[in-house]
1. Does the stretch 342-354 include one or more residues that are assigned to a strand (DSSP E or B) and at pLDDT 95 or above?
2. Please determine, by comparing only the residues of the stretch 311-326 that are under 27 Å from the mean Cα position of the chain (by Cα), of a type in the set (A, V, I, L, M) and at pLDDT 95 or above, which one is surrounded by the most Cβ atoms within 10 Å (Cβ to Cβ).
3. Criterion first (over 20 Å from Asn95 (Cα atoms) and of a type outside the set (A, V, I, L, M, F, W, C)) does Asp309 satisfy it?
4. List, please: which pairs have Cβ atoms under 6 Å, are six or more places apart or on different chains, and start with a residue in the stretch 301-324 that is within 16 Å of Val291 (Cα to Cα) and in the same structural domain as Ile356 (by TED's automatic domain parsing) and end with one that is assigned to a strand (DSSP E or B) and among the aromatic types (Phe, Trp, Tyr)?
5. Quick one: would you say Ala240 is buried (at least 17 other Cβ atoms within 10 Å of the Cβ) and touching a helix residue (DSSP H, G or I) at 6+ places or on another chain (Cβ under 6 Å)?
6. Looking only at residues in the stretch 136-157 that are in a strand (DSSP E or B) and modelled with pLDDT under 85, which one is nearest to Lys189 (Cα to Cα)?
7. Whether any residue in the stretch 278-286 is in contact with a Pro (Cβ under 9 Å, 6 or more places away or on another chain) and buried (at least 22 other Cβ atoms within 10 Å of the Cβ) is what I want to check.
Amino acid sequence: MIMKPSASNFRRATVAATAALVLASCGGGSGNNDNLNSNPTPTTGTIAVLFTDRPTDEFSQIKLNVTEAILIGGDNAQQVLFQGSEPIDLLDLTNYSEPIVFGEVDAGIYTKLRLVIDELELVPADGSPSEFPKLPANGKIDLLDPDGIEVLPGRTLIAEIDMEANKAIHIVSAGNSKKYQFRPVVKAKFTDGDLGNLPLKLARLEGLASAPDGDGNFTLCDIETPTSCIDVATNSMTSAFDDEGLPTTVNALLGGETVVVIGDYTVNGEIFLNAVVVEIGGNAEQIKGNVVSAPADDQFLVLRTGGEDIVVELQQGTKVYDADGELDASAIVIGTDVEIEGVQPPKADAADPDLIRAALVFIEAEEDDQVSGTIIEPLDAVTRSFGLTGSGSTDICVRVDEDADILLVDIAASEVTMATFAELAVGQVVDLFGQMGQSNDCFDANEVIVDVNASP
């Protein structure tokens, strides 16, 4: 069973996973009883489109509205994955991925995945009025893969879409003020889910749970559309918490309760959610802030975004994660930005400090440094390095990581192509993200964005 979570309920739950799924031109075996082949070769595959984002300190919200997701083939044949209106706050997706579409499409090789958005609102973190940058190409964004986007018969293709809001929102100086421009810095990674190539980011879903079976597995269904569901698997490592945020077991589920499940996707004939945390009841919430005291006696202090302290209480079974996977509590150190998932119990006394019982502590990554300029000689394919001249008078050397993402961004056509180091050339205008090298004076880039429309 596949879940199509509701936008309204999931928005309150930090990760919204949503929208109506439109299945167009879906192939498949015939249901004709005269067909002598009881196991016909499948002609369709499954695609899962997941949205995610990176953190940014510039804005408190980055809201957009997705209206279409379409696979386009070489003959311009189209498979409509989604049509409708799906509002998303990208900054809700810095620690989680959000499923937009689960469904069948005709097997084959496609040239691009097209997204269409019709609104973009930037809400500055400093409280100043919202900005509404103009969308290029009427909101169309084409994500191209030079090797083609292959949907195999009977298999599941995972399309993870990283909107890269911290890089897509480009600041242009205009006298004493500044303007915001939106450029389609969007990464698309297509992987075969049946081979275990699944996104590392966790998913967070809220819905109505069935009573667990003898193995502790249950079904989570959309609050507004109860027939839209996903199967949830649990194991001995799954942590469960009650409506007060206290440890319990999955077997405490009676069926029909509102439940938040945090976990990762697994493909085994179908997509299901492998639960890391199960929160029973509708009291779960999220707070973000900065750690101001290290854990002691299972508590630590966080200065919340907005300026108020809150005590975070670690429970038996509290999970600690970052973008690369599970950690232990020693990773919670002073100065770390965190997102806390848990329940704030009622205060016995109004003078008591604010407290949240943590089900999960997510340690957020620091933003990369950025340098910009024009590629100059030397450009060395062996060392994956080149020279860069920027706005200053000093040229710097750049080394591109082996696993770095390289994006060719055509703002005019609103097209994004994943590229290789060999496609970099002298004279290209680039934005680089990473850190200055520890052992040399070169900038170590983990992402290269090439503006194909810019001239040096």
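1. Looking through the stretch 342-354, at least one residue is assigned to a strand (DSSP E or B) and at pLDDT 95 or above.
2. Val312
3. Judged against the criteria, Asp309 is a match.
4. Correct list of pairs: Val312/Phe300; Tyr321/Phe362.
5. Working: buried (at least 17 other Cβ atoms within 10 Å of the Cβ): yes; touching a helix residue (DSSP H, G or I) at 6+ places or on another chain (Cβ under 6 Å): yes.
For Ala240, the condition - buried (at least 17 other Cβ atoms within 10 Å of the Cβ) and touching a helix residue (DSSP H, G or I) at 6+ places or on another chain (Cβ under 6 Å) - is met.
6. So the first thing to find is which residues in the stretch 136-157 are in a strand (DSSP E or B), and the list is 140-151, 156-157.
Then drop every residue that is not modelled with pLDDT under 85, which leaves 145-147.
On the way: Asp145: 9, Pro146: 12, Asp147: 12 Å.
Filtering first and then ranking leaves Asp145.
7. No, because not a single residue in the stretch 278-286 is in contact with a Pro (Cβ under 9 Å, 6 or more places away or on another chain) and buried (at least 22 other Cβ atoms within 10 Å of the Cβ).
Per-residue answers, yes or no, for (1) of a type outside the set (Asp, Glu); (2) modelled with pLDDT under 80; (3) not in a loop (DSSP other than H, G, I, E, B):
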site: Ser8; (1), (2), (3): yes, yes, yes
site: Asn33; (1), (2), (3): yes, yes, no
site: Asn37; (1), (2), (3): yes, yes, no
site: Ala48; (1), (2), (3): yes, no, yes
site: Val101; (1), (2), (3): yes, yes, yes
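The values are calculated or read from the model by the stated rules, or taken from the named source; none is laboratory data. It should be emphasised that the depicted structure is a prediction, and the values quoted were computed from it without experimental measurement. Every residue, glycine as well, gets a Cβ built from its backbone with ideal geometry; the counts of neighbours run over all protein chains shown.
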